[in-house]
Amino acid sequence: MRKINITRTVLFLFAFAAFSTAVIAQKPGFTKYKCMVQMTNYVGEAAYIVVSLINPQDEYEKTLYVMGPDKKWYDHIKAWHKFNTKKPSNISAITGASVAGGDRSMTMFEIEDVKVDAGYKLRFETAVEDQKYHEKDIEIPLTKENLSKKTEGPNYIRYVRFSLN
């Protein structure tokens, strides 16, 4: 009889811990999105991609994700690097691997709910070693509609697709 009570208590504690973690992980007023970036079949080194939140005045507001781990190449992502130098932020938690031609990358980031349908944009900025830099490889108006569909790109990025986490 005592063994059953201990088992129930342990199960309850695990369930409570899992629920608490799920509640804490999602900040109020923010929504987590999965973002898939599919690259074109270009030839060359892997692309460094920065995903930024751009405010209605067409200025950088926040870095959402950096695909490219080596800081020595960040100056090749010219417009973002200028912003990040003026307003440095700790990007270590939002940095992942660069993405080669033909590959895809799955990332996740949070967007504040009040920014959606409020004139903001998501900018995907790309740089590939010894090739052309694209400040606006893809720029997507931050709307509920755009966060539920695929957006085609004309340069290194073939398309971007979002889904709720």
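Size of segment 69-134: Rg and Dmax of its alpha carbons, in Å, are 13.7, 39. The slack in the chain from TYR133 to MET108, taken as 0.36 nm per residue of separation less the alpha-carbon distance, amounts to 6.6 nm. Rounded to the nearest Hz, the phi-derived 3J(HN,Hα) couplings of segment 98-103 under the Karplus curve 6.51 cos²θ - 1.76 cosθ + 1.60 (θ = phi - 60°) are 5, 10, 7, x, x, 7, where x marks glycine and proline.
Take the Cα of LYS32, step 7 Å toward its Cβ, do the same at THR95, and the gap between the two points is 2.2 nm.
Note: segment 28-164, Cα convex hull, 100 Å³ per residue. Annotation: aspartates and glutamates with alpha-carbon distance below 12 angstrom to LYS144 (same-chain offsets under eight excluded): ASP113, ASP117.
The length gained by stretching the chain between LEU164 and GLN57 to full extension, at 0.36 nm per residue less their Cα-Cα distance, is 35.8 nm. Here the simple spin-label model places points 7 Å from the Cα toward Cβ, and for LYS86 and SER148 these points are separated by 3.6 nm.
Here, each number is a calculation from the coordinates, and none is a lab measurement. All values derive from a computational prediction rather than experimental measurement. With ideal geometry, Cβ positions are generated from the backbone for all residues, glycine too; neighbour counts draw on all protein chains shown.
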